[in-house]
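Reading through the structure tokens given below for one structure.
What follows draws every value from the coordinates through simple rules; no lab data is involved. The structure presented is a predicted model; accordingly, all values stated were derived computationally and were not measured. Cβ: placed from backbone, ideal geometry, glycine included. Neighbour counts: every protein chain shown.
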Amino acid sequence: MQDLASLVIHSAKNGAVRLHEIAAIKEVAVQSEIVRENQQYQRWVTFEYRGPYRFGKKVVERVVAATKLPPGYALEIPTWDFGEDDQRQIVFIGLLAVLLVFMVTAALYESLIQPFIIMLSVPLALIGVFLIYWLTETNFDRSAHIGVVLLSGIVVNNAILLVDRISRLKNKGMPISEAIITGAEQRLRPIIMTTSTTVLGLLPLVIYGDESQL
């Protein structure tokens, strides 16, 4: 334990620091279990980390790089992938959410074209989601999938405000191109207000609830 606590981690900006200066190390009782794969014994080392995922990933990579192992031992960082059951469950929840939204909007508008237009806004919103996760190198875990479902609801609400206003202007005899421009101008402020209140309301969860287990 003392050798592990005194492990030196090299940083490009802060120089060399000891592991005990940035992490708390203690012994806990765990269940006795022997795991082997390809005739090799395995031992998992886990810890709880609170903060952005990419920073925790850098800490793990530096610890692995600075750890000196005896011959015959190897230290690797596992890759976390969703299992088949998790993937099926996530796909089912996403399709069910899209189907329910489409059914509700189709019943309200008594049409199939307008709900289809509203649902087209969901894939456009996902472009920004995956782009942000890719740029920030953040782990797209189960909570991120739940956030995508919530985002779909917000995007659909904004699309309903916009499509409803354009339809009303079109029914009054306004040309479709002019109705789109006028409706977008008139519904810009309500859309910004509803989106801003939702984002600001969930912001504390992002700031104080960002906890990843590595």
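Quick notes on this structure:
- Top positive-direction residue, dipole computed over the chain with Cβ charges, set I22, I132, M103: I132
- Charge tally for L162 (other residues, Cβ to Cβ under 13 Å; Lys, Arg +1; Asp, Glu -1): +3.
- On full extension, the segment bounded by K26 and L75 gains 15.6 nm, given 0.36 nm per residue less the C-alpha separation.
- Mean sequence separation of contacting Cα pairs (under 8 Å, at least six apart), scaled by the length of the chain, corresponds to a relative contact order of 24 percent.
- The stretch between I117 and V104, if pulled fully straight at 0.36 nm per residue, gains 3.3 nm over its current Cα-Cα span.
- Put a plus charge on the Cβ of each Lys and Arg, a minus charge on the Cβ of each Asp and Glu, and nothing anywhere else: the dipole of the chain about its Cα centre is then about 660 debye.
- Model label sites at V45 and L124, defined 7 Å from Cα along the beta-carbon direction, differ in position by 4.9 nm.
- Scanning residues 5 or more positions from L7 or on other chains, those with amide H under 5 Å from its amide H are L19, H20, with H placed 1.01 Å from N in the peptide plane.
- Within the chain, longest stretch free of exposed trypsin sites (Lys or Arg not before Pro) [DSSP loop, at most 10 other beta carbons within 10 Å]: 69-171
- Of all stretches in the chain that contain no GluC sites (Glu not before Pro) in a DSSP loop with at most 13 other Cβ atoms within 10 Å, the longest one is 138-214.
- Near K172, once Lys and Arg are set to +1 and Asp and Glu to -1 for all other residues with Cβ below 12 Å from its Cβ, the sum equals +2.
- When the charge dipole of the chain is built from unit charges on Cβ atoms (+1 for Lys and Arg, -1 for Asp and Glu) and taken about the Cα centre, the candidate among I207, M174, V8 whose Cα reaches farthest toward its positive end is M174.
- In order along segment 131-148, phi translates into HN-Hα couplings of 5, 5, 5, 6, 5, 8, 6, 8, 6, 8, 9, 5, 5, 5, 5, 5, x, 5 Hz, rounded to whole numbers, per the Karplus curve 6.51 cos²θ - 1.76 cosθ + 1.60 with θ = phi - 60° and x for Gly and Pro.
- Summed over qualifying helices (DSSP H, 4 residues or more, each -39500 (n - 2.57)) and divided by its residue number, the chain shows a 222 nm mean residue ellipticity of -21000 deg cm²/dmol.
- Sum of side-chain charges, S11 neighbourhood, beta-carbon under 14 Å (Lys, Arg +1; Asp, Glu -1): +2
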